[in-house]
1. Before we move on, is C118 at pLDDT 90 or above, not in a helix (DSSP H, G or I) and not β-branched (V, I, T)?
2. List the number of the failed condition for L48; all other conditions in (1) at pLDDT 90 or above; (2) over 20 Å from the mean Cα position of the chain (by Cα); (3) more than 25 Å from V234 (Cβ to Cβ); (4) surrounded by 15 or more Cβ atoms within 10 Å (Cβ to Cβ) hold.
3. Filter the stretch 248-282 down to the residues that are among the aliphatic types (A, V, I, L, M), free of Cβ contacts under 8 Å to residues at least 60 places away in the same chain and more than 19 Å from T237 (Cβ to Cβ) and list them by number.
4. Counting only residues that are touching a Phe, Trp or Tyr at 6+ places or on another chain (Cβ under 9 Å) and over 13 Å from R160 (Cβ atoms), which one in the stretch 109-125 is surrounded by the most Cβ atoms within 10 Å (Cβ to Cβ)?
5. Quickly run through the stretch 239-291 and pick out the residues that are charged (D, E, K, R) and either out of contact with any helix residue (DSSP H, G or I) (no Cβ under 8 Å at 6 or more places or on another chain) or assigned to a loop (DSSP other than H, G, I, E, B) (or both).
6. Which residues, taken from the stretch 90-115, are over 22 Å from S28 (Cα atoms) and either among the hydrophobic types (A, V, I, L, M, F, W, C) or in a helix (DSSP H, G or I) (or both)?
7. Could you please find all residues in the stretch 17-45 being under 19 Å from the mean Cα position of the chain (by Cα) and among the small types (G, A, S)?
8. Check whether at least one residue in the stretch 263-283 is surrounded by fewer than 16 Cβ atoms within 10 Å (Cβ to Cβ), among the polar types (S, T, N, Q) and in contact with a Phe, Trp or Tyr (Cβ under 9 Å, 6 or more places away or on another chain), and report yes or no.
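The values are calculated or read from the model by the stated rules, or taken from the named source; none is laboratory data. This is a predicted model, so every value here is computed, not measured. All Cβ positions, even for glycine, are placed from backbone atoms using ideal geometry, and neighbour counts span all protein chains on display.
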Amino acid sequence: MPSGQCSERYGAVAYSVSALLKLLERSSDQVICLSHLAPEDFAAVSALLDHPNLDLTGLTPMDKGTTEIELTYLNGKERQSRQSNVMPPFTLGEMDLFSECEAVLLMPLNESDIPLACVQKLRGMTKGLLFLDVHGLITGLNERGERFRKKWADAAAWLREIDILKMNDSETSWVAGKPLKELEEFVEFAAGIVASGPKACWITFGDRSSLVSWRREKRVFWAQVPVVTDIGPVLDTTGCGDASSAGFLYSYVKLFHNPIHSVILGNTLGSLKAASLETKAFPPLMEIKGVIVAHYGEYLHTLLDDFLTSNHLIVHEFRGE
């Protein structure tokens, strides 16, 4: 931990599921969780995630099923990763679980977790939204178990299948194939992703404003969205990305595919997770909405003015060179 403490917990999909379940409380919506686990972890994870809005039929015990990663924090943001076990890949048959889903959140920790063929099957069988966090697809593993950044194999094929692509600023260079530094470079990169097929590209910058680009018909737009920085001290950044992805996906599906509102909810859940040491770090939905009103009120007013006056204070159209 950044504080020097040692901690062991179930993470990754557990953070996304926990965030989604808070957002879905008192609704009839269901979350389907698909993951492979070692038999000795199955009971504990099932108990941790148990919730009336959660379908755990996709939680499958199998030999050496749990991905095991040791994180050593160098500071509040940077960390080294060592992996001692890789989850067996998902199968084509397991994709049938998602045939009627409105949206699917793809969060591979390793490039082998979710084969491209599985995503291609998903795209062919469902009209649901496919959201991809690229992290695992640009992560390699050497013989010592050390995780390292690598080029995204089959990127063009993946981009043909997905609707939303998410990454952080340090990951962009591995997708773009070159370092990106200035805002204009990130904007051009994100707009290029959107022009190639996906409906939106979201780039996070830690405690700085996110960048989102999206397509409406044949026009491409972009905006910066501030983050929430004063909820409390940063205690643990593990799971922030997983939680923020869940928030974006929920808002995008429920609020008419509005990318800016989706980033606002995503940023808020990521900040709430950073201020907590717990997997279940999220308050009820009404409290989450209160955080948004308190921190984004002025931004949302400016966004409304932007719409009414076409001043382009927040939303900009990307026109290329």
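1. Numbers: at pLDDT 90 or above: yes; not in a helix (DSSP H, G or I): no; not β-branched (V, I, T): yes.
When the stated conditions are applied, C118 does not pass them.
2. Unmet condition: (3).
3. L255, I260, I264
4. Quick first cut of the stretch 109-125, residues touching a Phe, Trp or Tyr at 6+ places or on another chain (Cβ under 9 Å) only: 111, 113-116, 118-119, 122, 125.
Still in the running and over 13 Å from R160 (Cβ atoms): 111, 113-115, 118, 125.
Numbers: E111: 20, D113: 21, I114: 24, P115: 16, C118: 20, M125: 13.
Top of the filtered list is I114.
5. In the first step, residues of the stretch 239-291 are kept if they are charged (D, E, K, R); the result is 242, 254, 273, 278, 280, 287, 289.
Scanning the stretch 239-291 gives K254, E278, K280, E287, K289.
6. As a first pass, look at the stretch 90-115 and keep what is over 22 Å from S28 (Cα atoms): 90-95, 106-115.
Of everything in the stretch 90-115, those that are over 22 Å from S28 (Cα atoms) and either among the hydrophobic types (A, V, I, L, M, F, W, C) or in a helix (DSSP H, G or I) (or both) turn out to be F90, L92, G93, E94, M95, L106, M107, L109, I114.
7. S18, A19, S35
8. Among the residues of the stretch 263-283, not one is surrounded by fewer than 16 Cβ atoms within 10 Å (Cβ to Cβ), among the polar types (S, T, N, Q) and in contact with a Phe, Trp or Tyr (Cβ under 9 Å, 6 or more places away or on another chain), which makes the answer no.
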